[in-house]
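What follows is one structure encoded as structure tokens, with my remarks underneath.
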Amino acid sequence: MAFDYDLFVIGAGSGGVRASRIASGFGARVAVAEEFRVGGTCVIRGCVPKKLLVYASHFSEDFESAEGFGWTVGERTFDWKTLIANKDAEIDRLEGLYNQTLAGAGVETLRGRAVVTGPNSVRMGEKTYSAEKILIAVGGWPQMPDVPGIEHAITSNEALHLEDLPKRIVIVGGGYIAVEFAGIFKGMGADVVQLYRGEQILRGFDDDLRNRLAKEMRAKGIDLRVGCNVTAIEKTKAGVLLTLTDGTTLEADTVMYATGRTPNTKGLGLETAGVETASSGAIKVDAYSRTNVASVFAVGDVTDRVQLTPVAIKEGHAFALTEFNNTPVSTEHDAIPSAVFSQPPIGTVGLTEAEARDKFTAIEIYESDFRPMKHTLGGSAERAYTKLIVDTATGKVVGAHMIGLDAAEIIQGVGIAVKAGLTKTQFDATVAVHPSSAEEFVLMRNPRP
Ligand code: NDP
């Protein structure tokens, strides 16, 4: 049977774009459908605009530090509208590049919502397309709990397009997005309250990083309250009035929820094609991103394996190699380095101390707590911390963690070593880069007693 396409991709985000262009490079006839903007969460409303805002917000501290280095910084004013307009222009530019990449690779981009109508068919409006293989890469969407008045809350989507910088903002959640946006708004001068329902923010991260980030955020003036949640939201003239689990109330201009993201599978027609999903809506896949239907595949956040852009890209690439170049490649989901662009930032790879204790008979912990050189003259009291976790039996470094200036940049290189399974002895044999914060990773000599 002749199909319209060899591959029909739904969703032109990080995973879908990578899979499309690589498959096309192997000679496949590929179409990618996108209902919103090419680039997906990361480029349009995630990693990229978020990081631009992180840079913007950090200037307030940088101006302070500059004085310690002899600079006199004049009157400082910040214009939110300028930032948002410049950020939007940059996102437009990147979207243009993505479009060019797809066109250059010979991929046909179809605008509109695509719905699966069978194992080999997809409908877009009035049109139905057939394809030998369908790849679902539709990503995820912010989820919010069912709290009375939740319609008055925003998510990170809207936070990137606010008309004005809120003077008082409450952020609900304790994950990546919540801590990143708390830092962003604080740096820009807003009063920030962050509410987290559990005992400590960043559940799943190494406890030393969690505790240190909480301490540093509070030192910067963020009112971080743990063991606390919202029970009701009311709209007021000035903004919102929140009722909290401890019975108190809290007024703010805006409340932002960062309470996780859910796979975008609603109304996608997966039932029609017989594609199995988990109760969360995530598409169930194997190591090769295959669903239970032989012609249907899924990559990225919609599979809820690891919600990170570079992981979606790797999954998309592996899918294209496997299905269109006869080279079976599965994506490894171990030792994935990641960064939280909190202030200070976090870089992490491998096991946490708690995970390592569970997994190995004996472990050694190496750690270093120091003041980054920039802060000596700069005057900031912010500290940095590095930590290595070593399996005593093999000497392998099974976890590396850092919080502090440049941690996000530093962890990528350390990630290679951890992924390669290098030992502490090999770390120690590496010459330090001096003076740097990164050098701590090869200079920690004595294990924690
Ligand atoms: P996360 O899953 O990281 O965090 C969700 C947070 O919301 C948790 O603290 C969770 O608490 C809390 N929460 C969940 N449900 C409720 C509720 N009903 N009431 C109150 N609190 C609740 O999600 P994010 O939204 O922060 O980010 C989504 C994903 O995007 C991340 O998992 C990450 O993979 C990715 N991301 C990566 C970034 C990066 O690489 N720098 C940046 C931003 C996002 P609890 O811990 O108790 O479950």
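Since every read-out is calculated from the coordinates, none of them should be taken as a lab result. Worth saying up front: this structure is predicted, and the values here are computed from it rather than measured. FYI the Cβ positions are ideal-geometry reconstructions off the backbone, even for glycines, and counts take in every protein chain you see.
Just checking, does region 393-410 include any residue being acidic (Asp, Glu) and in a helix (DSSP H, G or I)? Before you say what the answer is, go through the steps one by one.
Initially, region 393-410 is screened for residues acidic (Asp, Glu), giving 406, 409.
Restricting the remaining residues to those that are in a helix (DSSP H, G or I) gives 409.
Yes, some residue in region 393-410 is acidic (Asp, Glu) and in a helix (DSSP H, G or I).
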Name the strands (runs of 3 or more DSSP E) wholly within region 203-316 that hold at least 3 residues that are in contact with a helix residue (DSSP H, G or I) (Cβ under 8 Å, 6 or more places away or on another chain) and not acidic (Asp, Glu)? 254-257
Any residue that is on the phi > 0 side of the Ramachandran plot and surrounded by fewer than 21 Cβ atoms within 10 Å (Cβ to Cβ) - is there at least one of those in region 422-439? no
List the number of the failed condition for GLY183; all other conditions in (1) within 12 Å of the ligand (Cβ to nearest atom); (2) in a helix (DSSP H, G or I); (3) surrounded by fewer than 24 Cβ atoms within 10 Å (Cβ to Cβ) hold. (3)
Unmet requirement for THR394, which otherwise passes all of (1) exposed (fewer than 14 other Cβ atoms within 10 Å of the Cβ); (2) closer than 15 Å to LEU209 by Cα; (3) among the β-branched types (Val, Ile, Thr): (2)
By residue number, the members of region 124-155 that are within 25 Å of GLU315 (Cα to Cα) and of a type outside the set (A, V, I, L, M) are TYR129, SER130, GLU132, LYS133, GLY139, GLY140, TRP141, PRO142, GLN143
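I'd like the residue in region 130-144 that is more than 27 Å from the chain's Cα centre (by Cα) and buried (at least 20 other Cβ atoms within 10 Å of the Cβ) and, out of all such residues, is nearest to PHE3 (Cα to Cα). Steps first, please.
Taking region 130-144 and keeping what is more than 27 Å from the chain's Cα centre (by Cα), we get 130-133.
After this cut, where a residue has to be buried (at least 20 other Cβ atoms within 10 Å of the Cβ) as well, the list is 131, 133.
Details: ALA131: 5, LYS133: 9 Å.
The extreme case among them is ALA131.
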Picking from LEU224, LEU165, LEU160, LEU202, which residue would you name as being surrounded by 16 or more Cβ atoms within 10 Å (Cβ to Cβ), away from the ligand (no atom under 11 Å from the Cβ) and within 20 Å of the chain's Cα centre (by Cα)? LEU160
Return only the number of the condition from (1) assigned to a helix (DSSP H, G or I); (2) under 30 Å from VAL329 (Cα atoms) that ALA12 does not satisfy. (1)
Residue, farthest from the ligand (Cβ to nearest atom), within region 28-65, restricted to residues that are assigned to a helix (DSSP H, G or I) and without any contact (Cβ under 8 Å) to a residue 60 or more places away in the chain: PHE63
